[in-house]
Amino acid sequence: MAAAIIDGKAFAATLRERVGDLAARFAAAAGRKAGLAVVLVGDDAASQVYVRSKNKATLAANMESFEHRLPADAAEADLLALVEQLNGDDTVDGILVQLPLPDHLDEQAVIAAISPDKDVDGFHVANAGRLAVGQSGFVPCTPLGCMMLLTDRLGDLSGLEAVVIGRSNIVGKPMAQLLLDANATVTIAHSRTRDLPAVVRRADIVVAAVGRAEMVKADWLKDGATVIDVGINRLPPADGAEKGRLVGDVDYAGASSVAGAITPVPGGVGPMTIAVLLRNTLVAAHRNAGVALAE
Ligand code: NDP
């Protein structure tokens, strides 16, 4: 039987709508809108697209969007001074510095400069620590979005075998932590994992966050597994085409005949990331203004 399609696009649209309603209520209660500041350094094409869509989504969700652009050769001191200014600005609830930064800038130093209470990306070491010890903080948007899709689909994850492929700080590690908190039995696989297909075959839940086009094959999957494909990879253009197709880390066509449910690429995890960013900003605004969240 063909796998059910996990429609992240529809789920994200519903989440954005709910956040928009709550943001309007926040504005009425606090006398100001929740605000998200996005800092873009340089002119990386993909980053510009992301920043533009974050800006649009923020405004559509009844929040204020502050965009700050610095030139590609900006000095680190100038970037840190901007972050410091945003930390002290009461109209800014969330701060996001678009990554990757140009090579001469130290990403870790910049992330460390963001106030943990405004770190809506959840990348600050204080928020990573809170997640690790089970305290409430900001959780990175992509894995939190994956978790929402998983619990919506499966309900209670207790005792399920989960395999996360990838161990980055922004996806793999927080994903594993969230699954562990939900009482799944978690394995984190990476480039040094031996016999990855055999490891993946154990999984009731597979989260692929690798960055390799269609790496996970149908015969790696257990019958009925739930597959969350985080990867975004562009294939080389077919003859005559300007751009190649976007695909995930999972061979979608093959996997669909074995999995119980699967996220498509595009339209699966991708749309969840911005929706969760808006949700995190809304939560930050309530905390910063001392207003109770009406959820
Ligand atoms: P990273 O490059 O930081 O991490 C990739 C991970 O995959 C590493 O842990 C690496 O292992 C592992 N890996 C690489 N090759 C293999 C292999 N052959 N077998 C097993 N594991 C392997 O990537 P990110 O975590 O930042 O992103 C992963 C993917 O998710 C990318 O395609 C990215 O574009 C996408 N992404 C999508 C988002 C969305 O909104 N949908 C948001 C963020 C990312 P090792 O640690 O050993 O090197």
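The values are calculated or read from the model by the stated rules, or taken from the named source; none is laboratory data. The model shown is predicted, which means the values in this text are computed figures rather than measured ones. Positions of Cβ are generated from backbone atoms using ideal geometry, with glycine treated the same way; all protein chains shown enter the neighbour counts.
Taken over the stretch 221-230, the criterion of being among the hydrophobic types (A, V, I, L, M, F, W, C), more than 10 Å from Ala259 (Cα to Cα) and either over 22 Å from the mean Cα position of the chain (by Cα) or part of a strand (DSSP E or B) (or both) is satisfied by Ile228 alone.
Of the strands (runs of 3 or more DSSP E) contained entirely in the stretch 18-129, those carrying at least 1 residues that are more than 19 Å from the chain's Cα centre (by Cα) fall at 35-41, 64-70.
Can you find a residue that is more than 10 Å from Val163 (Cβ to Cβ), in the same structural domain as Ala259 (by TED's automatic domain parsing), touching a residue at least 60 places away in the same chain (Cβ under 8 Å) and more than 10 Å from the ligand (Cβ to nearest atom) anywhere in the stretch 204-227? Yes, the stretch 204-227 contains a residue that is more than 10 Å from Val163 (Cβ to Cβ), in the same structural domain as Ala259 (by TED's automatic domain parsing), touching a residue at least 60 places away in the same chain (Cβ under 8 Å) and more than 10 Å from the ligand (Cβ to nearest atom).
Only residues that are among the hydrophobic types (A, V, I, L, M, F, W, C) and either within 11 Å of the ligand (Cβ to nearest atom) or modelled with pLDDT under 95 (or both) were counted across the stretch 177-199, and they come to 4. Exactly one residue among Ser191, Ser158, Ser168 is within 14 Å of the chain's Cα centre (by Cα) and not aliphatic (A, V, I, L, M), and that residue is Ser168.
Pairing each residue of the stretch 237-255 that is in a loop (DSSP other than H, G, I, E, B) with any residue that is among the basic types (Lys, Arg), provided the two are 6+ apart or on different chains, yields C-beta distances under 6 Å for Pro237/Lys243; Gly244/Arg234; Asp249/Arg212; Asp251/Lys217.
Report yes if some residue within the stretch 152-174 is buried (at least 24 other Cβ atoms within 10 Å of the Cβ), among the small types (Gly, Ala, Ser) and touching a Gly at 6+ places or on another chain (Cβ under 8 Å); otherwise report no. The answer is no, given that none of the residues of the stretch 152-174 is buried (at least 24 other Cβ atoms within 10 Å of the Cβ), among the small types (Gly, Ala, Ser) and touching a Gly at 6+ places or on another chain (Cβ under 8 Å).
Condition check ((1) over 17 Å from Ile170 (Cα atoms); (2) among the small types (Gly, Ala, Ser)) across all residues:
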{"position": "Val207", "(1), (2)": "no, no"}
{"position": "Arg212", "(1), (2)": "no, no"}
{"position": "Leu235", "(1), (2)": "yes, no"}
{"position": "Ile262", "(1), (2)": "yes, no"}
{"position": "Gly270", "(1), (2)": "no, yes"}
